Amino acid sequence: MATKTTSSTLFRPELTQEIISKVKGHSTLAKLCGASPMPFAGTETFVFTMDGEVSIVGEGGNKPAGEADLKPVIIQPYKFIYQHRVTDEFVHLSEEKQLPYLSAFSDGFAKKIARGLDIAAIHGLNPATKTASSIIGNNCFDKAVTNIIKYNPTFPDDNIDDAVKPIQDADGIVTGIAMSPVFGSVLGKMKTADSHIPIYPEYRFGNNPENFGGMNADINNTVSFNSSDIRAIVGDFANCFRWGYADNIPLEIIEYGNPDGQGDLKQSNEIVLRSEAYIGWGILDKSAFSLIKAVTEEDDE
C-alpha cells in the first residue's frame, strides 16, 4: 500500500462523487464505556474506597474507626495521528472533486482512532508499529489487570463465570464483556450434549450481539490484536474505566516542510493530509476487571 497518492492514478477528470471506503473498525471500549470530556492537561480522578462495614454500637459504647482510602488516578491525553501525501494538484481541483476524498479520509481516520484507542488501552501498543509504547507504559489492561483466567475453548462460558468471581469477591460488579472473534466463535459452537442444540445461537455465523447474560457485550479483533493471548475482558467498564477526547483535529492540509520524513513538500510538489486527536484513558480500579487469556503451562509457573 502506497504512502503517497498521485493525481495521475486517483484524480482523473471522470472522478465520481462516490468513494467506496475499505477502512473498517470500531472501538469496543468506547462501546462499553461512554466518553467523558477531558481538558488538554488531563484529569486527576480520586478513587474512594471503604473496605469495612458499619458498626452497631450500644448506648455509651465506643465508636470504632472504619477503614477508608483515597487514591488518585491521573488520566493523561496521548496524541494519535494519521497522515498521507498527495500530489499538490489536489489543491487545484474543484471543491466538488475534493470533497469525496476529504470526507473518506476523515471518516477513515475516525475508524482508525477508534481501533487505536482499543489497541493502546488494552495492549499498551503503538498501533502503527505494533510494539510496546513507552509513553503508555502500564496504563493498559494487559499490564494493569492481575485477575487472569486460563482460556478453555471447550467451556468458554465457564471462563466467564470464573472471570466474574474475583470481581464479585472484591465487592465489584460486572457491566460488560469484550470478546475476541475466537471467543465469540467458540460460544456460538457450543451445543447441548443430548440434542446438539446451539446454546448460544446468537453468536453463530459471525454475529455480534450487544448483550450477553445481562452484560453489554462486543466482539472485536482489537481484543486479540497482534496475536495477543487475550481472548476476553470482563469487568465494570461503566464505572471503572474512563476515556475521552482532549482535542480533535479532523483534517489539516499541510503544504510546506517535511512533516512525515519523506522529503520537502515543495520540492516534490506534494501536500500532506493530516488528522490528529488527543485521547486519554484510565483504569480506575484494576480489581474490577478480569482477563481471559490463552496462557501456556510456562505462564502458569
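Laboratory data are not the source of any read-out in this text; all were calculated from the coordinates shown. Note that the structure is a prediction, hence the values are computed from the model and not measured. So basically every Cβ, Gly included, is an ideal-geometry build from the backbone, and we count neighbours across all protein chains shown.
Worth pointing out:
- Shown in residue order for segment 86-94 are the 3J(HN,Hα) couplings computed by the Karplus curve 6.51 cos²θ - 1.76 cosθ + 1.60 at θ = phi - 60°: 9, 4, 6, 4, 4, 6, 8, 5, 5 Hz (x for Gly and Pro).
- 3J(HN,Hα) along segment 174-186: 10, 10, x, 9, 9, 10, 7, x, 5, 5, x, 5, 5 Hz, from the Karplus curve 6.51 cos²θ - 1.76 cosθ + 1.60 with θ = phi - 60°, whole Hz, x for Gly and Pro.
- Residues with amide H under 5 Å from that of VAL73, placed H, sequence gap 5 or more: THR45, PHE46, VAL47
- Against the rule of thumb 2.2 N^0.38 Å, how large the Cα Rg of segment 180-252 comes out: 1.46
- Rg over Rh for segment 168-301 works out to 1.16, both radii taken from alpha-carbon positions and Rh defined as the Kirkwood radius.
- Around the amide H of ASN248, modelled in the peptide plane, lie the amide H atoms of TYR278, all under 5 Å away and 5 or more residues distant in sequence or on another chain.
- Under 5 Å between amide hydrogens, built in the peptide plane, is the criterion, and for TYR151 it picks out LYS293, ALA294, VAL295 among residues at least 5 positions away or on other chains.
- Alpha-carbon centroids, segment 230-277 and segment 95-125: separation in whole Å: 8
- A simple rule links phi to the HN-Hα coupling: the Karplus curve 6.51 cos²θ - 1.76 cosθ + 1.60 with θ = phi - 60°, which for segment 192-204 gives 5, 5, 8, 10, 6, 8, x, 7, 10, x, 5, 9, 7 Hz, with x for Gly and Pro.
- The label point for GLU59 and the one for LYS71, both projected 7 Å from the Cα toward the Cβ, are 4.3 nm apart.
- Note on THR131 and PHE155: the extension gain reaches 5.5 nm, defined as 0.36 nm multiplied by sequence separation minus the Cα-Cα distance.
- A Förster radius of 30 Å combined with the Cβ-Cβ distance from GLU202 to GLN168 puts the calculated FRET efficiency at roughly 0.75.
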